[in-house]
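Structure first, commentary second.
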Amino acid sequence: MSELNTLHNAIIPHLPVLRQWLLRRIDRAEDVDDVVQDVWMRLCRLPDRSVIENPRAYLFRTASSVVTDRFRRSEVRAANRHDELTEVRHPVEEITPERVLMGKDEMERIVARIGRLPERTRDIFVLSRFENLNNRQIAAAMCISVSAVEKHMMKAMRTLLEQSDD
C-alpha cells in the first residue's frame with residue numbers, strides 16, 4: 001500500500017469529528033468542505049508523510065493552521081465588507097440588438113468628435129488615452145511642456161463631453 005493510501009486510511013476515521021470541530025470555528029458551514037480539502041492538499045504536499053506519528057493530532061493542527069490562514073486572508077481582503085454579486089444588487093443588463101446598435105452609434109459619434117479635434121490636441125489625446133502615455137512622456141515626445149499637454153487634454157475632454165448633437 002502506498003504512503004498516500006496509508007495516510008488516507010489514517011485520516012478518514014477522524015473526518016466526522018474534524019467537520020464538527022470546524023463547524024464551531026468557521027462562520028459559514030458551506031466553507032467546511034473547502035477547509036477539509038485545503039487540509040488534505042497540505043497533507044498530500046508533505047515531502048515525507050512517514051514522519052507523522054499521530055495522524056489525528058497532525059490533522060487537527062493542520063486544520064487549525066488552515067482556518068487561521070483563511071481568517072488572515074479574509075481580514076486582509078476585507079471579505080466581510082464585500083457584497084455578493086447578485087442580480088438584485090447588480091442587475092444584469094441584457095445585450096439586445098437595439099443596445100448594440102445604440103452603442104455603435106455612440107462610438108461613431110465619439111470617433112467623429114475625436115477626428116474633429118485640432119491635430120495636435122487629437123495626437124495628445126490619442127497618446128494619452130489609447131497609447132497609455134503619461135503627460136511627461138507625451139510632452140517629451142511632442143517637444144512641448146507638461147502644462148501644454150494638460151491644456152490640450154482639458155480641451156479634448158471638454159470637446160468630447162459636449163452634449164451637442166453631431
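The values are calculated or read from the model by the stated rules, or taken from the named source; none is laboratory data. Quick caveat: nothing in here was measured; it's all calculated off a predicted structure. As a convention, Cβ positions derive from the backbone with ideal geometry for all residues, glycine included, and neighbour counts pool all protein chains shown.
Please go through the stretch 95-116 and pick out each residue that is in contact (Cβ under 8 Å) with a residue 40 or more places away in the chain, hydrophobic (A, V, I, L, M, F, W, C) and either surrounded by fewer than 11 Cβ atoms within 10 Å (Cβ to Cβ) or farther than 20 Å from residue 154 by Cβ (or both).
As a first pass, look at the stretch 95-116 and keep what is in contact (Cβ under 8 Å) with a residue 40 or more places away in the chain: 109-110, 112-114, 116.
Filter once more, so that each one left must be hydrophobic (A, V, I, L, M, F, W, C): 110, 112, 114.
112, the sole residue that qualifies.
For the stretch 48-73, name all the residues that are in a loop (DSSP other than H, G, I, E, B) and either in contact with a Leu (Cβ under 7 Å, 6 or more places away or on another chain) or surrounded by 14 or more Cβ atoms within 10 Å (Cβ to Cβ) (or both). Working first, answer last.
Start the filter on the stretch 48-73 by keeping residues that are in a loop (DSSP other than H, G, I, E, B), which leaves 48, 52-54.
Hit for the stretch 48-73 is 52, nothing else.
What is the residue count in the stretch 117-133 for residues that are surrounded by 12 or more Cβ atoms within 10 Å (Cβ to Cβ), not in a loop (DSSP other than H, G, I, E, B) and not β-branched (Val, Ile, Thr)?
Residues in the stretch 117-133 being surrounded by 12 or more Cβ atoms within 10 Å (Cβ to Cβ), not in a loop (DSSP other than H, G, I, E, B) and not β-branched (Val, Ile, Thr): 7 in total.
Before we move on, is residue 29 surrounded by fewer than 15 Cβ atoms within 10 Å (Cβ to Cβ) and under 33 Å from the mean Cα position of the chain (by Cα)?
Judged against the criteria, residue 29 is a match.
For the stretch 137-164, name all the residues that are assigned to a helix (DSSP H, G or I), over 30 Å from residue 106 (Cα atoms) and among the hydroxyl-bearing types (Ser, Thr, Tyr).
Once the filter is applied, which keeps residues that are assigned to a helix (DSSP H, G or I), over 30 Å from residue 106 (Cα atoms) and among the hydroxyl-bearing types (Ser, Thr, Tyr), the stretch 137-164 yields only 147.
Does the stretch 137-166 hold any residues that are surrounded by fewer than 11 Cβ atoms within 10 Å (Cβ to Cβ) and touching a helix residue (DSSP H, G or I) at 6+ places or on another chain (Cβ under 7 Å), and which are they?
Answer for the stretch 137-166, where residues must be surrounded by fewer than 11 Cβ atoms within 10 Å (Cβ to Cβ) and touching a helix residue (DSSP H, G or I) at 6+ places or on another chain (Cβ under 7 Å): just 166.
Only residues that are modelled with pLDDT under 85 and among the β-branched types (Val, Ile, Thr): list them for the stretch 13-48, please.
Matches in the stretch 13-48: 26 only.
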